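**Student:** One structure, as structure tokens, below. Some questions next.
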Number of protein chains: 2
Amino acid sequence: MADPLPQGAVIGILGGGQLGRMLSMAAARLGYRCHIFEPGADCPAAQVAAACFTAPYDDPDALIEFAESVDVITYEFENIPTEALDELEIIRPIRPGRRALAVSQDRLAEKEFLQGLGLSTAPFAAVNTAADLEAALGEIGTPAILKTRRFGYDGKGQARIMAPDDAPAALASLEGAPAILEGFVDFSLEISVIAARGLGGEIACYDPGHNIHEAGILRTTTVPAPIPPGLAADAALLAGRILSALDYVGVMGIELFVTRNGLIVNEIAPRVHNSGHWTQQGCAVDQFEQHIRAITGWPLGNGARYAGVEMENLIGDDIARIPEIAREPHAAIHLYGKGEARPGRKMGHVNRIRL
Amino acid sequence: MADPLPQGAVIGILGGGQLGRMLSMAAARLGYRCHIFEPGADCPAAQVAAACFTAPYDDPDALIEFAESVDVITYEFENIPTEALDELEIIRPIRPGRRALAVSQDRLAEKEFLQGLGLSTAPFAAVNTAADLEAALGEIGTPAILKTRRFGYDGKGQARIMAPDDAPAALASLEGAPAILEGFVDFSLEISVIAARGLGGEIACYDPGHNIHEAGILRTTTVPAPIPPGLAADAALLAGRILSALDYVGVMGIELFVTRNGLIVNEIAPRVHNSGHWTQQGCAVDQFEQHIRAITGWPLGNGARYAGVEMENLIGDDIARIPEIAREPHAAIHLYGKGEARPGRKMGHVNRIRL
């Protein structure tokens, strides 16, 4: 295996939100500096990074200057414009690589990739027209969800179809964007597994966490998840197949439905993931450091967990509860340095340690 | 109690070394930004801070600009020139306050303060001249240590006197600096207690750690320390008396000798302390966050420990052992982003979790 990036090397992070912020602090713990690329001013990551490039993704000069100032490029979100990636990758390696981005940027490509690996997904069909939608509903039935193929997150770009009559309004709400119809899955709970693959191909997984969503946004993740050990092993094996098939380097978040017939893959995210924040408490190497280890050529942490943790997202006005939470004896608080607490905005999270 | 500093407020840190670096990351977790003041270029803290003022401590314009850019001022080392503090404190509050600095900047004042509280210290005497030293040696005997009253750290500014004949060379080595002669203490082990006092006067202590030094530099701190529970309680009570007497706000490191006759105070440091780095693993609120909580008016963490930890400093070439350490399953690595691994230079530390 090649030597890891030397001490003092610079990691370029596309995106300056809370994930970039926590990646930057993890990189610092390993002796690296981070440069952030982010269109928005005064971003959370810039407050804890060595430098920040504030420019839009269609500014090639800024992209080139950024890329030339770093040793390796990574990202905190998957919806990076393809043209920007084209500019960047001729200058420095991008990890995780383009294949993972291509798959995860497109719900249809993602589902086809997963089924190609023999993994179970929700039933799905591509939808570009009203006729497509009618045919898809005939095949999949209702209830179902119509989703844009690209640029969805936190429940945005989605419309539920409870009965065939809902179809026209659902299609209209997506404003002509290419879409995918997904059937509902009858699941008992949602878990996610945070997996990592190193430059040398080795894989490490954290214990699956149990996710609870509210209004399409992750509310809590709890480890250990209330699942039998065999299912946790299945989740790790499945993660290994996904990462290896993509020749992946870095941390990936994989959301899974637990059903009577085993695990169904809901979604993959080629980055550190909100449902992996619990690893900041209870693991020697958290998901942020694990990602930095992977992309810089360090050996991976083994993912072992030495405490139970409940992660709760602090969304919008939840931030007003900080004075109480600060008095809880086992609460580790992680705030993101964002200015305004808008509804639905992730302002921070708290990891409660359960021994 | 007053409200804590609001989200987004700025903490000014005097000193840009590893302690400032870890304070800055802890402040970020609580939603604060940090501005660093540091004479040296490219300091470790600047890599993870919102801004850095690179200027000497005798540059009043830079000090004023720094102070006006922040909401509260703290520091990572106690030997800040008095004149700089005079400039700063008319602009913003300095926490911990001047009294703690005055006491801890001068070994003689520190010993007299501790004895005034009825606490035990090593026998000591002020030494300004050869005659003073002769008298002090007559009283205290040998072996003894001659130390400069000010600006000592990591074993610097010290000379051992094993027999009276060593006295002239020892005195000469201090080059005329006002000094203090300290008698040796017959101790079984050294522990330290990391204590904090909040703006409202509340106090919290972490479990005492067992310190091992090599060549005058801390090598390891291990919790739990091999001492009876009663002694740990004594250490906490003693810490409470020291912090309250100084009307202290922030974290203090207190080094103690364990002797047949109980605890003897070796040294106090009015800041986060190397022997408290273990709190980064095994506590919901580590010493760095505890310090930020104290100076910004948050409630303190309770100091509870949920794992055993051995902290090992990585000094000079120890950094070359990182590839092995990175493969240890329970090792949490913290590197400082320093360029050159000079002998005696603290390059990082590792916290090994012991369950």
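The values are calculated or read from the model by the stated rules, or taken from the named source; none is laboratory data. A quick note: this is a predicted structure, and the numbers were derived from the prediction, not measured. Methodologically, a virtual Cβ is constructed for each residue, glycine included, from the backbone with ideal geometry; neighbour enumeration extends over all protein chains shown. Protein only, heavy atoms only, side chains kept; ligands, DNA and RNA dropped before computing areas. Shrake-Rupley method; radii C 1.70, N 1.55, O 1.52, S 1.80 Å.
**Student:** If the Cβ limit is 7 Å and pairs must be 6+ apart or interchain, which residue in segment A:79-92 that is aliphatic (A, V, I, L, M) pairs with which residue that is open to solvent by 50 Å² or more (accessible area, probe 1.4 Å)?
**Tutor:** A:L85/A:R98; A:I91/A:I64; A:I91/A:E68
**Student:** Report whether or not A:E89 is surrounded by fewer than 17 Cβ atoms within 10 Å (Cβ to Cβ), within 19 Å of A:A294 (Cβ to Cβ) and at pLDDT 95 or above.
**Tutor:** Here the answer is yes, as A:E89 does meet what is asked.
**Student:** In segment A:314-335, how many residues are more than 9 Å from every other protein chain (Cβ to nearest Cβ) and either surrounded by 22 or more Cβ atoms within 10 Å (Cβ to Cβ) or of a type in the set (D, E, K, R) (or both)? Outline the logic, then answer.
**Tutor:** If we filter segment A:314-335 for residues that are more than 9 Å from every other protein chain (Cβ to nearest Cβ), which is where we start, we get A:314-318, A:320-321, A:324-325.
Next, only the ones that are either surrounded by 22 or more Cβ atoms within 10 Å (Cβ to Cβ) or of a type in the set (D, E, K, R) (or both) stay: A:314-315, A:317-318, A:321, A:324.
Result for segment A:314-335: 6.
**Student:** Which numbered condition in (1) surrounded by fewer than 21 Cβ atoms within 10 Å (Cβ to Cβ); (2) assigned to a strand (DSSP E or B) is the only one that B:R342 fails?
**Tutor:** (2)
**Student:** Please give the number of the condition B:F151 fails out of (1) open to solvent by 20 Å² or more (accessible area, probe 1.4 Å); (2) touching a residue at least 60 places away in the same chain (Cβ under 8 Å); (3) not in a loop (DSSP other than H, G, I, E, B).
**Tutor:** (3)
**Student:** Among the residues that make up segment B:312-320, is at least one of them at pLDDT 95 or above and in a loop (DSSP other than H, G, I, E, B)?
**Tutor:** no
**Student:** Let me ask something else. Quick check on segment B:1-23: of everything there that is within 16 Å of B:D42 (Cα to Cα) and either modelled with pLDDT under 95 or at the interface with chain A (Cβ under 10 Å from one of its Cβ atoms) (or both), which residue is surrounded by the fewest Cβ atoms within 10 Å (Cβ to Cβ)?
**Tutor:** It comes out as B:M22.
**Student:** Please determine whether any residue of segment B:277-291 is in contact with a Leu (Cβ under 6 Å, 6 or more places away or on another chain), over 23 Å from A:D286 (Cα atoms) and open to solvent by less than 10 Å² (accessible area, probe 1.4 Å).
**Tutor:** no
**Student:** Looking at segment A:170-185, I want the residues that are of a type in the set (S, T, Y) and have a partner that is surrounded by fewer than 21 Cβ atoms within 10 Å (Cβ to Cβ) with Cβ atoms under 7 Å, at least 6 apart or on another chain. Which pairs are those?
**Tutor:** Pairs found: A:S173/A:A159.
**Student:** Could you tell me whether B:A307 is within 10 Å of another protein chain (Cβ to nearest Cβ) and modelled with pLDDT of 95 or more? Even if it seems obvious, please write down each step before you answer.
**Tutor:** Working: within 10 Å of another protein chain (Cβ to nearest Cβ): yes; modelled with pLDDT of 95 or more: no.
For B:A307, the condition - within 10 Å of another protein chain (Cβ to nearest Cβ) and modelled with pLDDT of 95 or more - is not met.
**Student:** Something else now. Tally up the residues in segment B:35-48 that are under 20 Å from B:G348 (Cβ atoms) and either facing chain A (nearest Cβ under 9 Å) or within 21 Å of the chain's Cα centre (by Cα) (or both), please.
**Tutor:** Number satisfying all stated conditions: 9.
**Student:** Filter segment A:345-355 down to the residues that are in contact with a helix residue (DSSP H, G or I) (Cβ under 6 Å, 6 or more places away or on another chain) and more than 9 Å from chain B (Cβ to nearest Cβ) and list them by number. Don't jump to the end; show me each part of the working.
**Tutor:** Quick first cut of segment A:345-355, residues in contact with a helix residue (DSSP H, G or I) (Cβ under 6 Å, 6 or more places away or on another chain) only: A:345, A:347, A:349-351.
Selection gives A:R345, A:H349, A:V350.
**Student:** Touching a Gly at 6+ places or on another chain (Cβ under 9 Å), open to solvent by 10 Å² or more (accessible area, probe 1.4 Å) and of a type in the set (D, E, K, R) - does that describe any residue in segment A:249-259?
**Tutor:** No.
**Student:** So for segment B:50-58 (the condition being among the aliphatic types (A, V, I, L, M) and part of a helix (DSSP H, G or I)), does at least one residue qualify? Even if it seems obvious, please write down each step before you answer.
**Tutor:** The initial filter retains those residues of segment B:50-58 that are among the aliphatic types (A, V, I, L, M), namely B:50-51, B:55.
Narrowing the set further to residues that are part of a helix (DSSP H, G or I) leaves none.
No, segment B:50-58 has no match at all.
**Student:** Which of the residues belonging to segment B:196-227 are under 15 Å from B:W278 (Cβ atoms), crowded, with 16+ Cβ neighbours inside 10 Å and without any contact (Cβ under 8 Å) to a residue 60 or more places away in the chain?
**Tutor:** Answer for segment B:196-227, where residues must be under 15 Å from B:W278 (Cβ atoms), crowded, with 16+ Cβ neighbours inside 10 Å and without any contact (Cβ under 8 Å) to a residue 60 or more places away in the chain: B:P208, B:H210, B:A225.
**Student:** Cβ contacts < 7 Å: first residue farther than 14 Å from B:H277 by Cβ, restricted to segment B:309-320; second residue surrounded by fewer than 20 Cβ atoms within 10 Å (Cβ to Cβ), any location; separation 6+ or different chain. Result?
**Tutor:** As it stands, the answer is B:G316/B:A341; B:G316/B:R342; B:G316/B:P343; B:G316/B:G344; B:G316/B:R345; B:D317/B:A341; B:I319/B:A341, since those pairs meet every condition given.
**Student:** Which residue out of B:A26, B:A51 is within 14 Å of chain A (Cβ to nearest Cβ), buried (at least 22 other Cβ atoms within 10 Å of the Cβ) and either over 29 Å from A:N351 (Cβ atoms) or not basic (K, R) (or both)?
**Tutor:** Details: B:A51 fails: buried (at least 22 other Cβ atoms within 10 Å of the Cβ).
Of the residues listed, the single one that is within 14 Å of chain A (Cβ to nearest Cβ), buried (at least 22 other Cβ atoms within 10 Å of the Cβ) and either over 29 Å from A:N351 (Cβ atoms) or not basic (K, R) (or both) is B:A26.
**Student:** Then there is this: Can you tell me which condition B:E310 does not meet? The list is (1) closer than 30 Å to B:V70 by Cα; (2) open to solvent by 30 Å² or more (accessible area, probe 1.4 Å), and all the others hold.
**Tutor:** Just one mismatch for B:E310, condition (1).
**Student:** Could you check A:I64 against (1) open to solvent by 10 Å² or more (accessible area, probe 1.4 Å); (2) modelled with pLDDT of 95 or more; (3) more than 24 Å from A:N313 (Cα to Cα); (4) within 13 Å of chain B (Cβ to nearest Cβ) and say which number it fails?
**Tutor:** Looking at each condition in turn, A:I64 falls short on (4).
**Student:** So which of A:I295, A:I268 is more than 14 Å from chain B (Cβ to nearest Cβ), part of a strand (DSSP E or B), of a type in the set (A, V, I, L, M, F, W, C) and open to solvent by less than 10 Å² (accessible area, probe 1.4 Å)? So that I can check it myself, show each step before the final result.
**Tutor:** Values: A:I295 fails: part of a strand (DSSP E or B).
Of A:I295, A:I268, the one residue that is more than 14 Å from chain B (Cβ to nearest Cβ), part of a strand (DSSP E or B), of a type in the set (A, V, I, L, M, F, W, C) and open to solvent by less than 10 Å² (accessible area, probe 1.4 Å) is A:I268.
**Student:** Further question: So which residues in segment B:33-75 are in contact with a Pro (Cβ under 9 Å, 6 or more places away or on another chain) and of a type outside the set (D, E)?
**Tutor:** B:P39, B:T54, B:A55, B:P56, B:Y57, B:A62, B:V72, B:I73, B:T74, B:Y75
**Student:** With respect to B:A100, is the statement that it is of a type outside the set (V, I, T) and in a helix (DSSP H, G or I) true? Can you show your working first?
**Tutor:** On the way: of a type outside the set (V, I, T): yes; in a helix (DSSP H, G or I): yes.
For B:A100, the condition - of a type outside the set (V, I, T) and in a helix (DSSP H, G or I) - is met.
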